[in-house]
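**Q** Below is one structure. I have some questions about it.
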Amino acid sequence: MQQAKESIRNSDLEKVVLTRQIRVEAQRRLDPGRLMATLDCLYPSSRHLAFRIGEHSFVAATPERLLACQGSQINCDAIGGTSRRSADEREDKILGESLLNNPKALHEHALVVDTIQHALTPICSRFEPSSGPQLLPLRGLQHLHTEIQGSLKPDTSLLQAAARLHPTGAVNGVPTAVASQWLAQHEALERGWYTGAAGWINAEGDGELAVLLRCALLDGSQAHLYAGAGITAGSDPDAEFDETELKLAAMLEALENA
C-alpha cells in the first residue's frame, strides 16, 4: 500500500485498487449450488452468478452492475466508498450519514463516476447520473452508489459499451491506463475471474453484465476468496484492511451456512 500511495503522490495516478486473497478449507467438498442458495437468502438484492470450468466453480453475489442495456437505454452502477453497518438502528443511521459525508469516500466515489462518464461520452448521445451518491445498504456493509443512465448512439452494442467501461475505477483505478500499468508492475496476485464481468445478452442485443465481486473460486473442499480496496492519497492502511475484511465476511458467512 505504501508503494501505491507513493505513486499517487509522485505520478498521474489518482487511485488504484489493491486486491487480497485468502484460502479457506472446509471439511467436505463445497457445493456451488448450496452456496448459491445461501447467498440468495443472505444477499437477496445482489446479482448471483455461478459457472464451472473443469474442476473449478466460481460463485459470486455482487452488488455492482457493469451495465444493463435495453434498446438504446444504458444503465451503469458507480460504486465506491464503503463502511460497516450496525444491528442497532440508531448507530446504523449514524454510520450511513458518516459515509455520505466522508471526504475520502466521496472523493473515491467521484473518481469512479468520472471514469464511467468519460467512457460513455463518445458512445452516448445523452447520459446523466442520479443526483449525488446514495447509500447502497447490504448485509454487514454499505456503499456509496450512483446510477448513471444514458442513451447509446445508433449501432453501439452492449459489448462495445462494456469494452469501454471495463475495468471501471471501482476495480482498477484512475486514470484507467495508468492504474492498469501500475497493477501490471506491482500486483503479484493473479485475479483470475475476480473483477471480470459476466451476465447475459439476448438475440436483440439487450442484456446485463455484472462485475464479479463478493466471490469465491471453489476447488474441492477449498475456496479462494477475493476482496479489494481503493487506495487514494488519503487512505489509511488499517481502514483499508478493515474494508477488505468486511467484503470477505460476506462470502465467509455464506460458506459457513451453505
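**Q** Could you tell me the relative contact order of the chain? Use alpha-carbon pairs under 8 Å, at least six residues apart, and round to a whole percent.
**A** Numbers: 507 pairs, mean separation 85.3, N = 258.
The value is 33 percent.
**Q** Moving on. Can you run phi through the Karplus equation (6.51, -1.76, 1.60; θ = phi - 60°) for the stretch 23-29 and list ³J(HN,Hα) in whole Hz, with x for Gly and Pro?
**A** Karplus values, whole Hz, x for Gly and Pro: 10, 10, 10, 9, 8, 8, 5.
**Q** Oh, and also: I'd like the Karplus ³J(HN,Hα) series for the stretch 119-125: coefficients 6.51, -1.76, 1.60, θ = phi - 60°, whole numbers in Hz, and an x wherever there's a Gly or Pro.
**A** Result, rounded to whole Hz: 5, 7, 3, x, 10, 10, 7.
**Q** Can you list which of the GluC sites (Glu not before Pro) found in the stretch 46-145 are DSSP loop residues with at most 13 other C-beta atoms within 10 Å?
**A** Details: sites: 55, 64, 89, 91, 97, 108; in loops: 55, 64.
Here the sparse-neighbourhood loop sites are 55.
**Q** Taking the Cα centre of the stretch 45-110 as origin, work out the dipole magnitude from +1 charges on Lys and Arg Cβ and -1 charges on Asp and Glu Cβ, in debye rounded to 20. Spell out each step's value before the answer.
**A** On the way: 8 positive and 9 negative charges, 28 e Å.
Computed about the Cα centre, the dipole is about 140 debye.
**Q** What is the set of long-range amide H partners of residue 198 at a cut-off below 5 Å, with H atoms built 1.01 Å from backbone N?
**A** 210, 212
**Q** Positive end of the dipole of the chain, charges at C-beta (+1 Lys, Arg; -1 Asp, Glu), about the Cα centre: which of 38, 142, 81 has its Cα farthest in that direction?
**A** The Cα lying farthest towards the positive end belongs to 38.
**Q** Based on Cβ point charges of +1 for Lys and Arg and -1 for Asp and Glu, what charge dipole magnitude is obtained for the chain about its Cα centre, in debye rounded to the nearest 20?
**A** Charge dipole of the chain: 280 debye, to the nearest 20.
**Q** State the label only: which of (1) 41; (2) 27; (3) 34 corresponds to percent of Cα pairs over 28 Å apart computed from the shown model?
**A** Derived directly from the coordinates: (3).
**Q** Which residues' amide hydrogens lie under 5 Å from the amide hydrogen of residue 231, considering only partners 5 or more residues apart or on another chain, with H built in the peptide plane?
**A** It is 16, 17, 18, by chain and number.
**Q** Using θ = phi - 60° and the Karplus relation 6.51 cos²θ - 1.76 cosθ + 1.60, list the HN-Hα couplings for the stretch 143-155 in order, rounded to whole Hz, with x at every Gly or Pro.
**A** Going residue by residue, I get 10, 7, 9, 10, 8, 10, 10, x, 10, 6, 5, x, 6 Hz, with x marking Gly and Pro.
**Q** Rounded, prolate or oblate, given the Cα gyration tensor of the stretch 204-258, with a/c below 1.5 counting as rounded?
**A** Numbers: a/c = 2.69, a/b = 1.18, b/c = 2.29.
Oblate, since a/c reaches 1.5 and b/c is not below a/b.
Read the figures in this text as sums done on the coordinates, not as results from a lab. Keep in mind that what you see is a predicted model, and the values were worked out from it rather than measured. Cβ: placed from backbone, ideal geometry, glycine included. Neighbour counts: every protein chain shown.
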